[in-house]
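The values are calculated or read from the model by the stated rules, or taken from the named source; none is laboratory data. Computed from a predicted structure; not experimentally measured. Cβ coordinates were reconstructed from backbone atoms using ideal geometry, including for glycine residues, and neighbour counts include every protein chain displayed. The accessibility values were calculated without ligands, DNA or RNA, using every heavy atom of the protein model including side chains. Shrake-Rupley method; radii C 1.70, N 1.55, O 1.52, S 1.80 Å.
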Amino acid sequence: MNTYEIRIVRKRIQSPDIYSSSHISDHAAVRHAQNLAAGEGFIEVWRGATCVYFGALNQMQTAAAASQGRDQPRSG
């Protein structure tokens with residue numbers, strides 16, 4: 001297991017929330033960060049000195065919603 005640092009930057013708050021946790025993979029750490037952020041703000045996930053993920057959550061949700069519409073089978 002690797003140790004990760006998760007930073008969550010929220011609107012209207014000047015300093016980020018910083019968490020430290022152990023996860024089996026980078027993907028698991030990113031999912032944990034997304035859950036901690038509760039759908040708002042910007043997240044960074046670090047494994048040591050390596051940034052494994054960064055992004056704005058509101059953009060990810062929009063992209064996910066758009067892809068769900070494209071992935072649905074169409075009748076007719």
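Applying the condition of being of a type in the set (A, V, I, L, M, F, W, C) and under 13 Å from the mean Cα position of the chain (by Cα) to region 1-21 and asking which residue is nearest to Ala37 (Cα to Cα) yields Ile8. Each residue in region 26-59 was checked for being loosely packed, with under 13 Cβ neighbours inside 10 Å and among the small types (Gly, Ala, Ser), and 4 of them qualify. The condition of being aromatic (Phe, Trp, Tyr), open to solvent by less than 70 Å² (accessible area, probe 1.4 Å) and modelled with pLDDT of 95 or more holds for only one of Tyr4, Tyr19, that being Tyr4. Within region 7-16, being of a type in the set (D, E, K, R) and open to solvent by less than 80 Å² (accessible area, probe 1.4 Å) holds for one residue alone: Arg10.
Taken together, the residues in region 1-57 that are assigned to a strand (DSSP E or B), small (Gly, Ala, Ser) and in contact with a helix residue (DSSP H, G or I) (Cβ under 7 Å, 6 or more places away or on another chain) amount to 1.
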